[in-house]
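Engineer: If you scroll down you'll find the structure; I have some questions about it.
Just so it is clear, none of the values below were taken in a lab; they were calculated from the coordinates. All values reported here derive from a predicted model rather than from experimental measurement. When we count neighbours, we look across all protein chains shown, and the Cβ atoms used for this are built from the backbone with ideal geometry, even at glycine.
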Amino acid sequence: FYNLISKNLTAQSYTILDMMGCVLIQGMIENQEQSIQVEGLRSGMYILKLNLENDRSIVKLFTKKDR
């Protein structure tokens, strides 16, 4: 789940990559507060890239843990 409202940014799409840089999931951003389904990913570290307007992006690391 991410929230860009407090940062006053506009994202257009997202990409989730593994630590080797392989694209695993891609999608479009529908609103500034959205959840991304990652149930299909194994436990581990991943990269979330939010593609913003004006050719900018935000890159974050996150850890997926099994329940």
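Engineer: Could you tell me the relative contact order of the chain? Use alpha-carbon pairs under 8 Å, at least six residues apart, and round to a whole percent.
Structural biologist: 34
Engineer: Among 38-50, 54-66, how do they line up by average Cβ neighbours within 10 Å per residue, starting with the highest? Intermediate results must be reported in sequence, preceding the final value.
Structural biologist: Details: 38-50: 13.0, 54-66: 9.8.
Highest to lowest by the protection proxy: 38-50, 54-66.
Engineer: Please report, to one decimal in angstroms, the Kirkwood hydrodynamic radius of the chain built from all distinct Cα-Cα pairs.
Structural biologist: 12.4
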